Amino acid sequence: MADLVLLHGFTQTGRSWQPIAHALAGRYRAAAPDLPGHGAFAERRPASFPACDAYLRAISEEPYVVCGYSMGGRVALHAAFSLGARVRRLVLIGASPGLADRAERAARAASDAALADRIEAIGMDAFAAEWESQPLFAGMPRGVAELAGEDRRRNTAAGLAAALRGLGTGVMPSSWERLPDLDVPVDLVVGERDEKFRGIAEKMAYSLPRARVTVVPDAGHAVQLEAPDAVVELLNPGH
C-alpha cells in the first residue's frame, strides 16, 4: 500500500527518487517503481499508457498523491484522467500534456521511433553519453550529473527503445483539451533555467482549475535531482 507514488523520467529508474522518498518516510508510504522499459522491469511489462494505468491502479485501493518527472509526469497526468478519484493530487515536474497538433504529434512519433532504432543500434553507453550532452541538462551540477548517469546506465538499450515507442510524447494522446476537467490540486514544478517547460507550465495553469506554478531557483529540467529539498517541501502534507 502507498499514499505517494513517484514516477521517474525517461532513462532514469525508481532509484532516482530515493533521497526524496527517504526524506518523506515519516509522512508518506512511498512507492517509486521502475516504469515500463526501465530498470528491473525493462522487459517484463508492456510499455504503454494503459499498462501504466493498470499498474498504478493496483498500487493502492486508497487515494494517493502522484508525483512525476518528465515522462513520469506524462504517465501521471494520463493516470489522473483514467483513475479518477484514486489520484487525489498531482505534482508534475518538467512535464507536458502532450502535443495538441496532430501533425506535430505524428512527426514526434516518427522522431521517437527513429531515436529508438538508434538506441538499439549504438548501445546503451553511447546513447547515454549523447543523451547527457543535451542542452536540456546544461548547468546540472557535476555530482548530480554523475549520479544521474549511474542510474541511467542501469537500463538497457532494448528497454529504453521500447519505452520511447510506447510512452513517448508522440504516442501520448493530447490532454490539453481535457485539462479544464481535471478537478484535483496540481502543482506544476519547473526549474528556473528550464525555459521551455516554464512556458508549458504557465499555459497548463491557465487551463487547470486548481493549479499553481512553482519555479525553483538555480535549477534546470531535472528539479527533483538538482533541488530535492524543494520537491520534498512541495510534497509535504498540507503544503
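The set of residues in the stretch 157-196 being touching a strand residue (DSSP E or B) at 6+ places or on another chain (Cβ under 8 Å) and surrounded by fewer than 19 Cβ atoms within 10 Å (Cβ to Cβ) consists of V184, P185, E192.
In the stretch 136-157, the residues that are within 16 Å of L35 (Cβ to Cβ) reach residues that are among the β-branched types (V, I, T) and assigned to a loop (DSSP other than H, G, I, E, B) with C-beta atoms within less than 6 angstrom, at least six apart or across chains, in these pairs: D151/T13; R152/T11; R154/T13. Taking the condition within 26 Å of V231 (Cβ to Cβ) and either crowded, with 18+ Cβ neighbours inside 10 Å or over 12 Å from the mean Cα position of the chain (by Cα) (or both), does S60 pass? So S60 passes the test. The single condition among (1) within 21 Å of T13 (Cα to Cα); (2) small (G, A, S); (3) at pLDDT below 95 that A230 does not satisfy is (3). The set of residues in the stretch 74-104 being outside any helix (DSSP H, G or I) and within 23 Å of K196 (Cβ to Cβ) consists of L90, V91, L92, I93, G94, A95, S96, P97, G98, L99, A100, D101. Of the residues making up the stretch 35-53, those that are more than 13 Å from V87 (Cα to Cα) and at pLDDT 85 or above number 10.
The values are calculated or read from the model by the stated rules, or taken from the named source; none is laboratory data. The structure displayed is predicted, hence computed values, not measured ones. When we count neighbours, we look across all protein chains shown, and the Cβ atoms used for this are built from the backbone with ideal geometry, even at glycine.
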